[in-house]
Structures are given as C-alpha cells and as structure tokens.
C-alpha cells in the first residue's frame with residue numbers, strides 16, 4: 001500500500017496511516033488520534049450511543065440530550081480510550097484497534113491543508129477518479 005501511495009494511486013488514507021499500520025502490527029505504535037466519540041458516533045435503532053461500531057452501546061442515548069450530554073459523552077470517551085470497555089480490551093481501545101475510517105478522518109481534521117493537497121494531487125493525476133459517475137447528480 002505504501003508503494004502504491006508513493007506511485008500516486010488515489011488512496012484517501014494519509015501515508016502516515018500505512019506507516020502506523022506497520023508499527024501497529026508489530027506492537028510498536030504507542031498512540032494515535034482516534035476520533036471515536038469526537039468526530040464519530042454510532043447510534044443503534046433504540047437511540048443508544050456507541051463510540052464506534054466496535055464498542056458496546058452505552059447507557060447514554062440520543063433521547064437523553066441536555067446541556068450536560070456532551071460532557072457525559074466526553075467522560076465516557078476518555079474512559080474507553082484509556083481503560084477499555086471490557087476484560088478483553090482492558091488496555092484501552094487504541095491498543096487493539098487501528099480503525100481506518102477513524103484514523104483517516106481524525107488525521108484530515110487535524111491536518112486540513114494536507115487533505116486538500118492530497119485530494120488535489122489525486123485530481124491532477126487522475127481527473128476521472130474524482131469526476132461524478134454517469135447518473136450521479138452534479
């Protein structure tokens with residue numbers, strides 16, 4: 001994947017994701033900026049919140065919205081990121097997970113100029129890749 005990214009293949013993931021994936025596979029990745037609970041939430045059909053699709057739902061629900069809701073969500077997120085959510089994940093979610101969508105979106109939120117640079121580079125290298133397909137409204 002790193003070689004393809006260097007060749008200019010239109011991969012939306014930042015180069016750092018692939019480099020960190022290697023570190024993660026060997027247990028050498030110390031930390032990464034997961035956006036679960038900040039830029040993403042999973043909500044089940046009953047309105048219960050989960051930080052991401054891989055974590056269990058919490059007692060917090062979208063029907064419990066009040067002025068303290070985000071504070072409760074933030075506390076829940078901080079606990080899950082550092083302590084895990086069950087016996088299997090006691091070292092925290094980030095020790096056992098390197099979610100592509102959470103990593104990538106958190107990276108681009110933190111580095112918006114590099115996102116535009118990569119996106120522009122993909123458009124220049126392969127304009128058809130970013131063009132709307134036939135039948136897609138413009």
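The values are calculated or read from the model by the stated rules, or taken from the named source; none is laboratory data. Nothing here was measured: the structure is a model prediction, and the numbers come from that model. Every residue, glycine as well, gets a Cβ built from its backbone with ideal geometry; the counts of neighbours run over all protein chains shown.
From the set of residues in the range 73-86 that are in contact with a helix residue (DSSP H, G or I) (Cβ under 8 Å, 6 or more places away or on another chain) and in a helix (DSSP H, G or I), which is modelled with the lowest pLDDT? Among those residues, the one meeting the criterion is 81.
Evaluated against (1) within 19 Å of the chain's Cα centre (by Cα); (2) over 23 Å from residue 112 (Cα atoms), residue 12 falls short on exactly one condition, (2). Being surrounded by 11 or more Cβ atoms within 10 Å (Cβ to Cβ), within 14 Å of the chain's Cα centre (by Cα), modelled with pLDDT under 80 and within 30 Å of residue 1 (Cα to Cα) holds for only one residue in 110, 39, 105, 99, and it is 39. Is it true that residue 34 is at pLDDT 75 or above, on the phi < 0 side of the Ramachandran plot and buried (at least 17 other Cβ atoms within 10 Å of the Cβ)? Judged against the criteria, residue 34 is a match. Yes or no: the range 1-24 includes at least one residue that is in contact with a helix residue (DSSP H, G or I) (Cβ under 7 Å, 6 or more places away or on another chain), surrounded by fewer than 12 Cβ atoms within 10 Å (Cβ to Cβ), in contact (Cβ under 8 Å) with a residue 60 or more places away in the chain and under 22 Å from residue 110 (Cα atoms). No. The number of residues in the range 58-68 that are part of a helix (DSSP H, G or I) and either touching a strand residue (DSSP E or B) at 6+ places or on another chain (Cβ under 8 Å) or farther than 17 Å from residue 44 by Cβ (or both) comes to 1. Across the range 39-69, the number of residues qualifying as touching a helix residue (DSSP H, G or I) at 6+ places or on another chain (Cβ under 7 Å) and touching a residue at least 40 places away in the same chain (Cβ under 8 Å) comes to 4.
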